1. Give me the pairs: first residue in region 146-162 and closer than 22 Å to V293 by Cβ, second residue of a type in the set (G, A, S) and surrounded by fewer than 21 Cβ atoms within 10 Å (Cβ to Cβ), beta-carbon distance under 8 Å, and six or more apart or on different chains, which are they?
2. Anything in region 25-66 that is among the β-branched types (V, I, T) and under 18 Å from N304 (Cβ atoms)? List them, or say none.
3. I'd like to verify a number: residues in region 13-22 that are in a helix (DSSP H, G or I) and touching a residue at least 40 places away in the same chain (Cβ under 8 Å), how many?
4. Give me a count of the residues in region 37-74 that are in a loop (DSSP other than H, G, I, E, B), under 24 Å from the mean Cα position of the chain (by Cα) and not small (G, A, S).
5. Could you list, ordered by first residue, the pairs with Cβ atoms under 8 Å in which the first is in region 310-322 and within 22 Å of S122 (Cα to Cα) and the second is among the hydroxyl-bearing types (S, T, Y) and buried (at least 22 other Cβ atoms within 10 Å of the Cβ), at least 6 apart or interchain?
6. Based on this model, can you work out whether V90 counts as surrounded by 22 or more Cβ atoms within 10 Å (Cβ to Cβ), β-branched (V, I, T) and assigned to a helix (DSSP H, G or I)?
7. Please go through region 283-298 and give me each residue that is aliphatic (A, V, I, L, M) and more than 8 Å from the chain's Cα centre (by Cα), ordered by number.
8. Among the numbered criteria (1) of a type in the set (A, V, I, L, M, F, W, C); (2) in a loop (DSSP other than H, G, I, E, B); (3) closer than 22 Å to D328 by Cα, which single criterion is violated by F216?
Amino acid sequence: MTTVALDAMGGDHAPRIEIEGAILAAREFGVRVLLVGRPEAIKAELARHPHRDLALEVVPATEVIAMSDAPGVAFRKKRNSSAHVAAHLVRDGKADALVSAGNTGAVMAVARFVLGTLPSVSRAALAAPFPTARGGVAVILDVGANVDSRVEHLVQFAVMGEIYYRTVFRSRRPRVGLLSIGEEESKGNELVREAHNELKPLPIQFVGNVEGRDVFTGQVADVIVCDGFIGNIALKISEGVAELISGKLKEALRSSLSAQVGYVLSKRAYAEFRRKIDYAESGGAPLLGVRGVCVIAHGRSNANAIKNAIRVAAEMVRGRVNERIERDLSAATVSLNT
């Protein structure tokens with residue numbers, strides 16, 4: 001049975017949402033979930049839900065990393081936080097994966113320093129799934145783990161993202177693109193141009209440069225590579241646009257209630273639209289390249305998002321993502337050196 005260590009104190013509404021999500025995941029996916037945090041709070045929430053015969057266990061942690069905590073300070077001074085304890089469970093082989101909806105920067109710092117990176121990985125990368133117009137998913141990485149990246153880092157991001165996409169989204173040969181300001185090889189800054197040349201000989205389906213407008217179409221690339229500075233800006237802008245469109249659509253539906261006959265159908269269409277762009281369906285962003293598996297969910301996650309984050313973590317464990325990353329990065333290094 002795959003074991004996931006869940007930071008039960010991480011999200012905006014912890015531990016209520018985390019407990020609800022863990023119960024759903026244990027019931028639907030047959031995983032064992034270690035609920036890490038303050039026992040009294042966790043047990044009080046568990047008592048509100050039927051969970052008999054589910055593989056749920058409470059692991060004590062006395063401290064909580066707040067969303068307002070500086071990542072470096074939280075890492076150094078809150079060594080018995082729920083995120084720290086969960087990471088140590090993975091490091092010590094007592095859990096296969098870590099899931100947290102806590103402070104993203106702090107969770108990344110904990111994962112990188114407690115778990116460490118894989119031997120072939122220079123920098124871990126945060127991979128975020130985006131819905132596409134074709135009904136599928138595109139993945140962008142890095143979206144914030146690294147502010148500055150070198151060419152070899154982008155090459156590693158491409159390989160890791162391709163493996164993650166194949167494993168979680170069941171694609172035999174995902175298309176990998178490099179985010180730039182134009183499709184031509186000559187477009188982009190020095191980092192992008194050099195990375196383009198290094199990506200061409202790799203044994204992946206590299207489709208060349210892609211532009212920002214290509215992210216949501218699903219027609220050009222499945223995995224889109226960039227440095228963490230650009231990726232994080234793209235992520236935050238996309239979240240803002242999604243909220244704007246969702247809000248404006250809801251206002252439009254309400255303002256046209258004179259057509260009462262179509263109101264129920266409109267509500268259903270709106271609910272379907274929200275489902276397709278909802279981050280809760282994607283299950284969070286994996287931090288690729290660390291030892292073990294780490295998935296970071298949105299701080300505002302609901303129970304469905306936590307459930308799906310646990311699902312993604314379990315799929316990555318069962319799909320042996322880290323073993324594939326080591327194997328394929330070694331092959332990529334040989335390819336680049338010959």
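No lab work stands behind these numbers, since they all come straight from the coordinates. These numbers were taken from a predicted model, which means no experiment stands behind them. When we count neighbours, we look across all protein chains shown, and the Cβ atoms used for this are built from the backbone with ideal geometry, even at glycine.
1. Once the first residue is closer than 22 Å to V293 by Cβ and sits in region 146-162, its partners that are of a type in the set (G, A, S) and surrounded by fewer than 21 Cβ atoms within 10 Å (Cβ to Cβ) give H153/S122; Q156/S120; Q156/S122.
2. Across region 25-66, the qualifying residues are V31, V33.
3. Final tally of qualifying residues: 5.
4. Of the residues in region 37-74, 4 are in a loop (DSSP other than H, G, I, E, B), under 24 Å from the mean Cα position of the chain (by Cα) and not small (G, A, S).
5. M316/Y164; V321/Y164
6. On the way: surrounded by 22 or more Cβ atoms within 10 Å (Cβ to Cβ): yes; β-branched (V, I, T): yes; assigned to a helix (DSSP H, G or I): yes.
When the stated conditions are applied, V90 passes them.
7. Once the filter is applied, which keeps residues that are aliphatic (A, V, I, L, M) and more than 8 Å from the chain's Cα centre (by Cα), region 283-298 yields L288, V290, V293.
8. It is condition (3) that F216 fails.
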